[in-house]
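To keep things clear, I will list the structure first and then write my remarks on it.
The values are calculated or read from the model by the stated rules, or taken from the named source; none is laboratory data. Every value quoted in this text rests on a predicted model; they were computed, and no experiment measured them. Glycine gets a Cβ as well: all are built from the backbone with ideal geometry, and neighbour counts include every protein chain shown.
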Amino acid sequence: MITLFRNHLFITLGIIATAITTLGFQTNQKVAAATSNQLTYGKITNNSLHRLGTIRQLTRSQLAEDHHLTGKQVQQLVYLPLPKRLTAHNFTLSRTHLTIHLVKNSYNVNEVAIPLNKLTGIILNRYMPKQYDYVKPATPKKVVSLTFDDGPDPTLTPKLLKILQRYHVHATFFEVGSSVMKYPAVSRSVLKDGNQIGNHSRNHPQLTNLSNSRARHQIALTDAAIYKATGTLPQYVRPPYGAINSRVGNLFDRPIIQWSVDSRDWAYLNTPKTVNHVLATTHNGSIILMHDIHPTSVAAVPQIISTLKKRGYTFVLLPNLIQRPLLAGLQYFGRGDYRGV
């Protein structure tokens, strides 16, 4: 009888303990859900419209990555209804993803889940698991970034890629959509070699002279061309001639990459003059502007790289040069030199 009583008591206590644990788990879930519901874009971004713009573009990029989009669908991504107010809260933040809950749209997609590793430095550290905390990249003391505009060129860009490989240097290529459509394999080679591709418009107009719809169209067509060629959307925009204003600069939800060293290769069309000008004007943290459509420019690259390396410079891509997250709606001219549009 005593044994039966003890067994019955243990079973009863076990049931009670399980019920308490379950209730506690459900309560914790509700608390977590309530906390999540109270979050806004303002809270998770420190009230930064630049970070919110970056989240919008990451949403578009993730949608394009998750779904095989047509060129027309890529062009329409800019019109995807996404939050513009910091008070909005149409998202769920988990330990692995920021899930954006979408309103009805032409893609018939209800939500887009962005992995948190893509949001490091965009969402404040206190809302992220420890492994996604933003840590400033460690870089050598003297760094520069090479950038090339107006390609791809079917002959010169592959030649330039071989030069970069030989010197173990990566660069950012700001490509023109009309050329990407003609030479998609070259664009694929650019990315395959570990370089980055940015958007440089479809046919190189001055965007500030265009209406909003035409300026968007220039960038959207190039996005579509690069996506078709490489399967990815470009992270950055470089406006032709560097011409930008607040009206145009806020249309794209991307960092605007300018430069601090203009090689003037387009004006000189002379290899020694281009080399001398770059070497005379480069300083620590420079973004160097060149073009991969002029033979004299490509011919200048080996001497520029070798000389700057002898002077102690290391060539890095833009994130390591800037040493902070590159945010939508900001212009970047070099390390420590970023401005609003």
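A compact table of results
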quantity: Residue match in segment 133-143 (condition: surrounded by fewer than 16 Cβ atoms within 10 Å (Cβ to Cβ), in a loop (DSSP other than H, G, I, E, B) and aromatic (Phe, Trp, Tyr)); calculated: yes
quantity: One residue from 137, 129, 115 being under 24 Å from residue 284 (Cα atoms) and within 22 Å of the chain's Cα centre (by Cα); calculated: 137
quantity: Meets criteria (surrounded by fewer than 18 Cβ atoms within 10 Å (Cβ to Cβ), among the polar types (S, T, N, Q), over 23 Å from residue 222 (Cα atoms) and touching a residue at least 60 places away in the same chain (Cβ under 8 Å)) for residue 87; calculated: no
quantity: Among residues of segment 310-325, those that are in contact (Cβ under 8 Å) with a residue 12 or more places away in the chain, in a helix (DSSP H, G or I) and over 30 Å from residue 45 (Cβ atoms), counted; calculated: 0
quantity: Count of segment 81-97 residues which are touching a Lys or Arg at 6+ places or on another chain (Cβ under 9 Å) and under 14 Å from residue 58 (Cβ atoms); calculated: 2
quantity: Unmet criterion (only one of (1) free of Cβ contacts under 8 Å to residues at least 40 places away in the same chain; (2) within 23 Å of residue 336 (Cβ to Cβ)) for residue 254; calculated: (1)
quantity: Filtered residues of segment 102-122 (kept if under 18 Å from residue 80 (Cβ atoms) and not hydrophobic (A, V, I, L, M, F, W, C)); calculated: 104, 105, 106, 107, 108, 110, 111, 118
quantity: Residue check, residue 264 more than 18 Å from residue 199 (Cβ to Cβ), among the basic types (Lys, Arg) and within 28 Å of the chain's Cα centre (by Cα); calculated: yes
quantity: Residue match in segment 267-286 (condition: outside any helix (DSSP H, G or I), buried (at least 23 other Cβ atoms within 10 Å of the Cβ) and either in contact with a Gly (Cβ under 6 Å, 6 or more places away or on another chain) or not assigned by TED's automatic domain parsing to the domain that holds residue 64 (or both)); calculated: yes
quantity: Test: residue in segment 21-36 that is at pLDDT 95 or above and either closer than 17 Å to residue 327 by Cα or surrounded by 13 or more Cβ atoms within 10 Å (Cβ to Cβ) (or both); calculated: no
quantity: Residue 226 in the same structural domain as residue 290 (by TED's automatic domain parsing), part of a helix (DSSP H, G or I) and either over 18 Å from the mean Cα position of the chain (by Cα) or in contact (Cβ under 8 Å) with a residue 12 or more places away in the chain (or both); calculated: yes
